[in-house]
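Single-structure report; data block below.
The values are calculated or read from the model by the stated rules, or taken from the named source; none is laboratory data. Treat the numbers as computed from the prediction; the structure is a model and nothing was measured. When we count neighbours, we look across all protein chains shown, and the Cβ atoms used for this are built from the backbone with ideal geometry, even at glycine. When the accessible area is computed, the model is the full protein with side chains, heavy atoms only, and any ligands, DNA or RNA have been set aside. Shrake-Rupley method; radii C 1.70, N 1.55, O 1.52, S 1.80 Å.
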Amino acid sequence: MIEFCKTNLLIFTIFCYFFCFFEFLVYLCRLLNLSIMKKILLASVLSIFLSNAKAGGLMTNTNYHIAFDRMMARGASFDIDAAYSNPAGLAWGHDGWQLSLNFQKPWQDRDITTTVPSYLAYPGVYAGYNGLSEKKFAGKASAPIVPALFASYKKDKWAVSAMLGIVGSGGFVKYDDGIPMFNALVMGSIFKQTLTAHMGNPTSPIITPDMYTISSEVKGKQYIYGAQLNFTYKFNDWLAAAIGVRANYYDGYSRAYVNATTLPALGSTSLVDMKLDCTQRGFGIAPIVSVDYHQGPVTVAARYEFRTKINTKNKTTELPQGLGSLAAAYEDGNHVRYDMPSLFVAAVGYEFTPKLRATLEYHFFDDKHAKMGDDRQKELKHGTHEVLAGIEYDINDKFTVSCGAQRTDYGLSDTYQQNTSFACDSYSVGLGGAWNINEKIRLNAGYFITIYSDYTNEQPSYFGTGYPGKDVYSRTNNVIGLGIDYKF
């Protein structure tokens, strides 16, 4: 009876920790009313940030435990990280309780190098403004220390496990100079409006970029928090299965401002002064099933996560009127889809010796059937394919070393890529090790780097300006992690 009470108290403590971990911030959304002359500019801004909430399954995370950072392929694991990567495999894991707490620090650059006609001017109007100009818009993406918690309990043929972490997106990005489409639309609109006015009234000046300064900033945040619970059953000596469910909570915002003011010699007149601040939140649940075949040195495992339907909801406190459908997209209470795609995982593990193990793994994210706003998922050529491989070696009873690699192919297209939400195919390489401090405590440390292929998006009419331009998207990514596993 005493043992039963202790067990239930521990379960209660763990899930209280899970609940407290979700400290969702409350953000105040505000939009400044603008004059009628600036409505076209605000419409451009709104269209930009409508797309910012559509990353979908392309930002699904798989690195929660440090064992992934140092080995990559963990789909055949029997350790505590199997609570996410292979729940059925826990049937061959540690008898009794296990806990694991992990911390990772990622940092990333998301840069856009843009080549467009100088000043986006009309050829022949001002010959001095013709030609091409190139500018790099540097984006810094970061996240605080990202935690993840694992727990499992096994007895006889049964096991129950849980995982809590940031399962999608998971970062903050900021462009101190704005983004190309943001600035191009604003500059182009100023030029076109003043050119039209000049044609009607020759005394009205044509405003070109050398006559004003422009200041802009774009930043956004996207997190999907997930809490997963699994139940595992071992049918016989070689086959086990698990069923589970994960609750996902989306929390994100998009914020920006743009100011354009004529030079002091021209009176320091304000041409544009806009701000945007929008918060979106949503919730969804996904069932999970997994199976594991284990006999001798061979392990074959598979996992399927169903699509998570997430319908984010706007919270807007102020929005200009008279913008039609563009304003409606951000009216208070409106919804934008941000589904997480279904995921299929297959893994084969082999133990060459009691000290040497290797795993080969495959992932398929069905992004084309994960709803995004405006059905943007239809622009993808195919869902995401990932191939992973990892190897692990026990130097002795105390120390283990490992390394691994991953190849990711998103099925991208020019029409899918956007300044506010872009991806690049990549290769990742990870390495690290584990230290068995004693029979109960293991310390994991890992590092991985992702090497991206630049994506060049050429447009015959750069964001509707009528003139050709191109964006080159590039990214870098690094993650370091430290975690501790504890066996009762």
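Here are a few things to note about the model shown:
- Amide hydrogen proximity for ARG307: with H placed 1.01 Å from N in the peptide plane, the residues at 5 or more positions away or on another chain lying under 5 Å are SER342.
- Summed side-chain charge close to GLY252 - residues other than GLY252 whose Cβ falls under 10 Å, Lys, Arg +1, Asp, Glu -1: +1
- Across region 245-253, coupling constants 3J(HN,Hα) worked out from phi with the 6.51/-1.76/1.60 Karplus curve, θ = phi - 60°, read 8, 10, 8, 10, 10, 9, 9, x, 8 Hz, and Gly and Pro carry x.
- The residues of region 201-357 expose on average 44 square angstrom of accessible surface per residue, using a 1.4 Å probe on protein heavy atoms.
- With a cut-off of 14 Å between beta carbons, the residues surrounding GLU361 carry a summed charge of 0, where Lys and Arg count +1 and Asp and Glu -1.
- GLN295-TRP158 FRET efficiency (beta carbon distance; Förster radius 22 Å; 0.05 resolution): 0.60
- The simple Förster model, with R0 at 35 Å and r as the Cβ-Cβ distance, assigns VAL245 and LYS378 a FRET efficiency of 0.75.
- Counting protein heavy atoms only, region 379-488 has 61 percent of its accessible area on carbon and sulfur, 1.4 angstrom probe.
- Net charge contributed by nearby residues that have their C-beta within less than 11 Å of MET72 (K/R +1, D/E -1): -1
- Portion, in percent, of the accessible area of region 182-238 that falls on carbon or sulfur, probe 1.4 Å: 62 percent
- Amide N of region 424-451 lying under 15 Å from the label point, which is placed 7 angstrom from the Cα of VAL401 along Cα→Cβ: 430-435, 445-447
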